[in-house]
1. For D:PRO94, which of the numbered conditions (1) surrounded by fewer than 22 Cβ atoms within 10 Å (Cβ to Cβ); (2) within 14 Å of chain B (Cβ to nearest Cβ); (3) of a type outside the set (Lys, Arg) fails to hold?
2. Inspect segment C:39-61 for any residue being acidic (Asp, Glu), within 20 Å of the chain's Cα centre (by Cα) and over 21 Å from B:VAL146 (Cβ atoms) and give the result as yes or no.
3. Kindly indicate which of A:LEU116, A:LEU137, A:LEU179, A:LEU146 is touching a strand residue (DSSP E or B) at 6+ places or on another chain (Cβ under 8 Å) and among the aliphatic types (A, V, I, L, M).
4. What pairs come out if I take residues in segment D:274-287 that are of a type in the set (Gly, Ala, Ser) and pair them with residues that are buried (at least 18 other Cβ atoms within 10 Å of the Cβ) whose C-beta lies under 7 Å away, six or more apart or interchain?
5. Look at D:ALA297 and say whether it is over 21 Å from D:ALA255 (Cα atoms) and buried (at least 24 other Cβ atoms within 10 Å of the Cβ).
6. Name, by its number, the condition in (1) part of a helix (DSSP H, G or I); (2) among the small types (Gly, Ala, Ser); (3) within 30 Å of D:ALA196 (Cβ to Cβ) that does not hold for D:SER107.
7. Among the residues of segment D:408-447, write down those that are acidic (Asp, Glu) and part of a loop (DSSP other than H, G, I, E, B).
Amino acid sequence: MIPLDQLLPLAVFVPLLGAVGIWLFGYAPNIREGATLLTSLVLLLVVGGLLPAVLAGERPTWLLVEMLPGLELKFVLEPLGMLFAGVAALLWPVASLYSIGYMRGNNEQHQTRFYLFFAIAIAASMGIAFAGNLITLFVFYEILTLSTYPLVTHKGNADALKAGRVYMGILLATSVGLLLPAIIWTWQVAGTTDFAAGGIIADKLGGPMLTVLGFLFIYGIGKAALMPMQRWLPAAMVAPTPVSALLHAVAVVKAGVFSVVKVVVYILGVDTLAAAPGIEWLLYIAGFTIVAASTIALRQDNLKRRLAYSTISQLSYVIMAAMILAPISIVGAALHIVAHAFGKITLFFAAGAIYTAAHKTKVSELNGIGHRMPWTMGAFTIGALSMIGVPPAVGFISKWYILMGAFQAEQRVAVAVIILSTLLNAAYFMPIIYAAFFKAPAPGDQQVHGEAPLPIVLALSVTAAATLILFLFPEVPFALAQAIGVQP
Amino acid sequence: MLAATAIAVIRQHSLFAIVMLFGIYSLLSASIFVVLDAVDVAFTEAAVGAGISTMLMLGTLVITGHHERTPKHGPVLPLVVVMLTGAVLVWGTLDMPPFGAADNPVHQHVAPRYIEDSPQEVGIPNMVTSVLASYRAYDTMGEVIVVFAALVGVLALIGIREQKSPRPVSTTDDKPPRPVLQVMAKLLIPYIMIFALYVQFHGEYGPGGGFQAGVIFASAIILYVLTFGLDDAYALVAPSVLRPLAALGVLLYGGTGVVTMLMGGTFLNYSVLADDPVQGQLYGIIAIEFGVGLTVATVMMLIFYAFISRGEKAA
Amino acid sequence: MMLDFFDLYNYWVVIFLMMAGFYTLIAYDNLIKKIIGLNIFQSAVFMLYISVGKVSGGSEPIAADNIELYSNPLPHVLILTAIVVGVATTALGLALTIRIKEAYGTINENDIVQMNRDAEAEKAQEWGRE
Amino acid sequence: MSMHLPALQVIIPLLLAAVIFLFNNARIAYIVSVAASWLCLAIAIQLLLLVNDGSVIEYAFGGWEPPWGIAYNVDQLNAFVLVIVSGIAAIMFPFSWRSIQAEIPASLHVLFYTALLLCLAGLLGMTITGDAFNFFVLLEISSLATYTLISLGKDRRSLSAAFQYLIMGTIGGTFILLGVGLLYTLTGTLNMADLAERIGPLQASRTLQAAFAFLVVGIGLKLAMFPLHLWLPGAYATAPSVVSAFLAATATKVAVYALLRFMFGVFGADFAYGEMHVELMLVSLALVSVLFASLIALLQRGVKRMLAYSSLAQIGYMLLGIGLANVSGLTATLLHLFNHALMKGVLFLALAMVFYRTGGSSMRHMSGLGRQMPWTMAAFVVGGLSLIGVPLTVGFISKWYLILASIERGWWPVTAVILVASLIAVMYIWRVVEVAYFKERPADLPTVSEAPLSLLLPTWTLVAANIYFGINASVTTGIAQNVAQTLLGGVQ
């Protein structure tokens, strides 16, 4: 067996190696896609190999390089990161499978570029997951932004360009304009950027300045899409569906909320932050984002846009859970990252399947489609249930913990938001399901298609199944979530 | 008087007049340098400002035309900038040591050694030459390189027509013959050249040295060009001969330095050139002064050739 | 104060010349006039140096048996170098002037700036048509 | 021979310039120039290793010890700058051969290399010299060579740009001469170390203040400090590509070094900050130039001109670092000297390759090049990311220290300006990226192929340096911090 502390960097290097392979075999699609799948499976093995160690309480460290005196690029294995890495590693093979079906089914251009940057984005996600300090996190955070830019603009037309501009603009502006100074400030105050249980700020900064730092961090992590920094997410919907899946489920937004939780727990410190004046405003903003985004989602006819706004609201669940600043809500936040990932990827896969098979993108066109595409719409239903937070989907568990945290911390606003948004979630998902299964197709709708290609159906069935399985057997993620912030 | 000339330069609009006035200005400032005991500087200023610079400006005017249009924009901003700069300078002079006082810091530090010891250390009476060629020989090498760099620039920009002009011989008849001038020049030029050599080798004892000699030598050739035309001058000294000589002058200077290095001293430490350090200094100074003279003379000639041949092409 | 004035008088004349040259340099559009201004400006700076080196009652710094007081030779050396630098710059500037005259047909800075702007605008238009 | 290293550093290119002029053969000129640049780099690295323990090497020309003779003084600061300048030369000289084939008539190639070597020698000399007047002489050598190099551009505008630079550069030079003269009047010496010693007791003198003002303005002209920057965009935009690359990467760096040397090495930090409050002027000018130059860059159609304005903004960063007047700020300035040379080098070289293939470097010429010249454009993108300050590139390291310095000082508006300017940089770089990767090639422009290896190799060497020193910045930062501490001395 490979020693643990070397397995850690391997998680980053395996996808990078895969990227090189993809690039080299760009001329032969079969080998190229084989390389993608193989790499994703190897990565899954690597990440899986790390799991027992984390559960056993080990925290291996691996130093990449000392960038500046006292400022290192290093990886540290800890439960929260494990959770994120696990989700990404689990979903990548599935997403690859799906991509193969989708990209071939739609005859997309530049497929090599697509797989190449996809692999790099995964590598960056791994780097974020295992980052041992803020600076490492920031480095991979930026790599993730840059490597997903060619994916967002994949179509290369004017719309894609515009979307790409918004995407890059907001993500770079927030990260360079807010996150970077926040990191440097932290470094200046604390003398380190290492993640440590209980935070590293402690009493070194207090009062309003701490609140300012908190805002800088939360808004600096633009990938978490807290309003008003959410515009990039709907804009990025122009990209092919596998990219949306990557953005929404596997990597990008997850990296955002993951970073938020990480910063709150390991940098600012839950207890330290609770003393900052006015910090509850972040919670209110997150609550507002949840409700507002859900309301907007309600009015979207484009299916993918509706899903995008749903994502924005779900992300703010995580932020709100973190900002409740109760240990139990942190567990909820971590679990919600997992739950949302599996649920949302199922939904996007379904949307992509519909587009591939029937070339439909609008909610209003979906009447009766459930009969043509039973697997797809079945999976969609499970995903939607998870979003709403209804058993037997995993979304229920995470929401439950967040709610518990809100009660514990006596955050009545949060409680109200959760209840209200659950209703809204139901309001924008249930009509789709109803229409798909119980409404007759619109007259003139030819409905000459069947199910989507096999890889697609396979992929979305797997993720839908996972949503159910995680509800039944949540032990592993739960154990990880509970270990967050605990000094080993 | 200087001030008056300067004002006249600013006010005039005929560029030709301006250039001539500028020549006068240079001569006047040379005389001021003499008053201030700077004979070497005066010599150079006269040769360069009144001679070479004026010549080159006239050469340029041939090509560019004589008249200046009145400027369109108001002189307010420049005036403010100038006033400001002047004010800073005047402010700066307020704390300056009084003019000519022997106990000023300039005369107390560094300079005394040049004045008291250089005749013994370097072995020649002209302190300016000893400082120039020995104590601060490296600056002088830089100066030669600057001249060389100017040559490179001028050649790159306007080049020199290498061949004789393709015009048929008959056209030379168009020019009015200038017998008096030509005879005068033939009489004068050898003397100028001899004078140049004298200045070259007398620099250790009186005012002069490689630079002044080079300029004077070049001016002899320039005189020749002006009276006999470019083609005849080419027959006398072709630019293809001058070009390598210009580089050789630089190399002679630098080579002297390299030799001193190889003989165990630092760069341009002539003392190691002979058993007796003072004798070594003399060898070194003669060598580098010759390098200076060679480069300056050839560069000046080449630059002048370049201007004149460009002018003929334009005409 | 009066005494100071006479002590520094020499410097002030130099400063006046310097500023006259500087003014010519920046206020006029004709390139040759600019170069002349540059020369006047520089030679005034040279005079400042030489003034600094002067010792009242001293003689030129060439050692002779019967002279006790010499003027400071160092400024002379520096200025010799600076004069050469000046003439080199002048030569290069004039060569440039000739080329500018050939390329633009004028040696008036305003006209040249205008021509450059026109060229830039034309280019921008060309791109705009794409 | 190792005792002669400081002298050889400058004399090798200086004399070889004359040698290639003598041979008058373009190929020999090229080979000799490349060899000279590599030798210079080797010497510079050797010197840096020798002084890395904080010692100072002194080399007295002519065997006359300073202050009577001229001396070269090598310490960590200027050894660092020497490595930058000669390192850039060592990469760009090999690049130049192919590049000038397309831009400069063959008859001028020898003169081009002569001027290039003279320029290099002048820059190295300005850096290494310990004598204030010698500095002026070497400055003029490099300046004259620079005017020549700029005027070799294809467009006639290069002529007017060169003339403008000649006028402004000479004013700068003369101002420096004046400043040195005033210092000399006060102290009677020209040696920098000796000057520093003798200036000590003169703190309150008005002449000293005037000298300081003239030196700062004179050097400011040379380094294109706002509002003395007017010559720079024209010069960089119209010069031959490789000249733009070389100048952008080295010339202003040496000028910044000169500012540091005079401010701290001659006048002393106490005088510069305590007496003259130079930090107020520097910070305000730097902020203006950072913001405005970035905005103007955004409006440019010619990519070269855009990069020239971006250079102005970057110079602003360097001045800002000095103005922040703490160790982190100076560290940022010194790091940025090095880092900016790397990033601008890459960007300008990439443009040179575009010019080599397409005959132009405007936005129009670059459209659709992402597919046709993938390596060239990839290099441009890396350079651009570095300019923006994306992590894992050198640009990030400089930004890090600059922001750190501003936070340490508690000057939040400064932090904000730095960040806003970075975002503007994103915009102007991204404009080019979009055009290159997403726009179709205009029909009237020919399809082109990737640049030859002899151009790609030097460029990618620089790209690699951009990334390597962005990931492992310990060495550069260590030197920069050491130097910054030394410069500031006890002042804080």
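1. Failing condition for D:PRO94: (2).
2. No, that holds for no residue.
3. Just a single option satisfies the conditions, and that option is A:LEU137.
4. So the pair list comes out as D:ALA286/D:GLY316; D:ALA286/D:LEU319; D:ALA286/D:LEU320; D:ALA286/D:GLY323.
5. Against the criterion (over 21 Å from D:ALA255 (Cα atoms) and buried (at least 24 other Cβ atoms within 10 Å of the Cβ)), D:ALA297 qualifies.
6. Result: D:SER107 fails condition (3) only.
7. Selection gives D:GLU440, D:ASP444.
Here is a yes/no grid of residues against (1) more than 8 Å from chain B (Cβ to nearest Cβ); (2) over 16 Å from B:VAL128 (Cα atoms); (3) buried (at least 24 other Cβ atoms within 10 Å of the Cβ); (4) touching a Lys or Arg at 6+ places or on another chain (Cβ under 9 Å):
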residue	(1), (2), (3), (4)
C:SER43	no, yes, yes, no
C:MET47	no, yes, yes, no
C:SER56	no, yes, no, no
C:ALA64	no, no, no, no
C:LEU74	no, no, yes, yes
C:ALA91	no, yes, yes, no
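The values are calculated or read from the model by the stated rules, or taken from the named source; none is laboratory data. Note that the structure is predicted; figures quoted are calculated from it, not measured. Please note: Cβ atoms are built from the backbone with ideal geometry, for glycine as well, and neighbour counts cover all protein chains shown.
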